[in-house]
Amino acid sequence: MISNKLVSVGIPTYNRPEGLKKTLECITGQTYKTLEIIVSDNCSTNTDVEKVVNEFIKKDKRIKFYRQAENMGAPSNFKYVLEKSTGIYFMWAADDDYYCNYYINDIINQFRSIEKSSIVAINMEAQYFDINESFPFFPEGRSFYNFYDEDKVNRISHILKNNYGNLIYSIYKVDALKSIDVIFNNNEIPFFIQIAEKGNWLVIPKIGFFKKTTLNTYNQARWEKE
């Protein structure tokens, strides 16, 4: 039996009604139920985005919806959903990614089972796919399966050497996130350094979500890790 501490799920979205629909299906269908789901529409030109969210709100009162009056850019929209969160834990969910129904439950269980309080972010492995097929799995997060260090310099060195994009879609302790002025720009590395300064990252060696991508992007990710 796991704790019912509130987990905030922030979904920044823009012009992807079909992807958003699938993401909301995955998040509302999580076995971990104590959630607030924050959707921020970055002034989409496609009116179906709002229609999709409103259909889910009719069935699930955990969803909070915000539509921006003008496009603030993706980094600011990512920050916005974090600012609106009230949970003990927080995660960003991309509007074209899919999640196993145990994803949040297993990670919160992991947070509860570890004695090392300086672990501030936990993720699971991702399976890459496109609309036609799943790409061969590779263990992108292997270097974070067992890594732990109390020294922040060593943690930063480790994140600089072993970082990868999907780490951003971890579940975080909110107090770590909200104690920094989150930096998002052309890549995630400054943000990764900020989190590594606060504590350790852990990756569970199990597929927990599915990342939509192209063959070229998949090959690039695999090349970077290998």
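Each 10 Å bin from zero holds the following percent of Cα-Cα pairs in the stretch 58-171: 10, 34, 37, 17, 2. Distances between placed amide hydrogens fall under 5 Å for S8 paired with E36, G87, I88, Y89, F90, M91, all partners being 5 or more residues away or on another chain. With a Förster radius of 25 Å applied to the C-beta separation of L160 and D181, the computed FRET efficiency comes to 0.80. Extension gain, N105 to I131, is 6.7 nm, computed as 0.36 nm per intervening residue step minus the present C-alpha separation. Remark: relative contact order (the chain) = 25 percent; criterion is Cα-Cα distance under 8 angstrom and separation of 6 or more residues. For F111, the accessible area of its heavy atoms, probed at 1.4 Å with every protein chain present, is near 10 square angstrom. Relative to the longest principal axis of the Cα atoms of the chain, the long axis of helix 103-113 lies at roughly 40 degrees.
Heavy atoms of the protein chains alone define the surface here; on that basis the stretch 1-54 has 42 Å² accessible area per residue at 1.4 Å probe size. Highest mean packing comes first when the peptides 172-179, 32-39 are listed by Cβ atoms within 10 Å, giving 32-39, 172-179. In the chain, the longest principal axis of the Cα atoms and the axis of helix 74-83 are about 90 degrees apart.
For the stretch 88-122 and the stretch 1-37, what is the separation of their C-alpha centers, rounded to whole Å? So the two Cα centres are separated by 12 Å. Normalised per residue, the accessible area of the stretch 80-226 is 48 Å², obtained with a 1.4 Å probe and no contribution from ligands, DNA or RNA. Comparing the chain with the 2.2 N^0.38 Å rule of thumb, its C-alpha radius of gyration ratio is 0.98 (two decimals).
Over all pairs of different C-alpha atoms, the stretch 59-126 has a mean inverse distance whose reciprocal, the Kirkwood radius, equals 14.6 Å. Put the Cα centre of the stretch 43-87 next to the Cα centre of the stretch 171-226 and the gap is 22 Å. Lysine pair count for the stretch 119-226 with Cα-Cα distance under 21 Å and sequence separation of 8 or more or different chains is 12. Of all lysines in the structure, the ones whose alpha carbon falls short of 18 Å from that of K61, not counting any fewer than 8 places away in one chain, are K5, K21, K22, K33, K51, K84.
Of the residues G87, V153, L20, the one whose Cα sits farthest toward the positive end of the charge dipole of the chain, with +1 on the Cβ of Lys and Arg and -1 on the Cβ of Asp and Glu, is G87.
Of the accessible area of the chain, computed with a 1.4 Å probe over protein heavy atoms only, carbon and sulfur atoms account for 49 percent. Once the Cα atoms are used to define both axes, helix 215-225 deviates from the longest principal axis of the chain by about 20 degrees.
The helix-based estimate of mean residue ellipticity at 222 nm for the chain, built from -39,500 (n - 2.57) per DSSP H run of four or more residues and divided by its residue count, is -10500 deg cm²/dmol to the nearest 500.
The values are calculated or read from the model by the stated rules, or taken from the named source; none is laboratory data. Source: prediction; values computed, not measured. In this analysis, Cβ positions are derived from the backbone assuming ideal geometry, glycine residues included, and neighbour counts consider all displayed protein chains. Surface areas here come from the heavy atoms of the whole protein model, side chains and all, with no ligands, DNA or RNA. Shrake-Rupley method; radii C 1.70, N 1.55, O 1.52, S 1.80 Å.
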